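A.B. asks: Questions regarding the structure given below will be posed in turn.
The values are calculated or read from the model by the stated rules, or taken from the named source; none is laboratory data. Just so it is clear, the structure is predicted and the values come from calculations on it, not from any experiment. When we count neighbours, we look across all protein chains shown, and the Cβ atoms used for this are built from the backbone with ideal geometry, even at glycine.
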């Protein structure tokens, strides 16, 4: 199959996980971008109306908390980050609930931590919750529980979910998704950092994550988010091994989600491994 034909296959995706980062939800000054959130919700609501099963994985609890509390900058200490996340998570869900309600959809919140994901019993309960929500037509909205978890918001080497990129792949695996779309502040996966190398080229379709592809992943990420291409490549490995196609695309216009599903040449597609899909 040609790359164009492979992209067209994405239209067959029934269960879709969409991940949005802080940079998609906020302006450069850190304030909430309501216009973009409204567009995102409208697109996801329309997909649900088409009969697609949608799961949203969202970052932004700390970023929205900073905006809500009118702080001048992101807090530095762990305890302050967790307190701000507690405020921000509530505000974030309030925003999503308001917009989704306007488009006729009910949402449910799922906050995950590492111990739940890695514990067999906890994992089964989470899967059951996801499946029940989806069966009832409720759109699950997922985030890491930043007010109690430390790995995701710390910048050390033992981070579990990165900037929720890895979490979104794990969620995709939990719900047996067909497609994972990661919306970022970059157009796709490049052969080198486009912010440092003007001659870098975006790779449209990636059929296998080779050592050469791994070398392409630098620390590309925005000041408002913590995830770079390394975390997105980690997510791609998890997703493709679980039989899930994954796309990295720019979230500046949420309509890109429709373009991806329609098979248009936007973003970078990581194709699932043959034989890995359930």
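So that you can scan it fast, the table gives a plain yes or no per residue for (1) modelled with pLDDT of 85 or more; (2) assigned to a strand (DSSP E or B):
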residue	(1), (2)
208	yes, no
213	yes, no
220	no, no
226	no, no
232	yes, no
236	yes, no
243	yes, no
249	yes, yes
252	yes, no
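A.B. asks: So, one more: For residue 91, only one of the following conditions fails: (1) at pLDDT 95 or above; (2) within 17 Å of the chain's Cα centre (by Cα). What is its number?
C.D. replies: In the conditions (1) at pLDDT 95 or above; (2) within 17 Å of the chain's Cα centre (by Cα), residue 91 misses (2) alone.
A.B. asks: Right, here's the next one. Can you spot a residue in region 53-60 that is within 24 Å of residue 166 (Cβ to Cβ), part of a helix (DSSP H, G or I) and at pLDDT 90 or above?
C.D. replies: No - not one qualifying residue is present in region 53-60.
A.B. asks: Could you say which residue among 7, 31, 42 is more than 15 Å from the chain's Cα centre (by Cα) and without any contact (Cβ under 8 Å) to a residue 40 or more places away in the chain?
C.D. replies: Sole residue among the options that is more than 15 Å from the chain's Cα centre (by Cα) and without any contact (Cβ under 8 Å) to a residue 40 or more places away in the chain: 31.
A.B. asks: Spot the failing condition for residue 131; the list is (1) crowded, with 21+ Cβ neighbours inside 10 Å; (2) at pLDDT 95 or above; (3) assigned to a helix (DSSP H, G or I), and only one is missed.
C.D. replies: Result: residue 131 fails condition (1) only.
A.B. asks: So, in region 155-183, of the ones that are assigned to a loop (DSSP other than H, G, I, E, B) and at pLDDT 55 or above, which residue ends up surrounded by the fewest Cβ atoms within 10 Å (Cβ to Cβ)?
C.D. replies: Here the answer is 176.
A.B. asks: Considering only region 1-51, give the helices (runs of 4 or more DSSP H) lying wholly within it that have at least 3 residues that are modelled with pLDDT of 95 or more, surrounded by 14 or more Cβ atoms within 10 Å (Cβ to Cβ) and out of contact with any strand residue (DSSP E or B) (no Cβ under 9 Å at 6 or more places or on another chain).
C.D. replies: Passing ranges, in order: 34-49.
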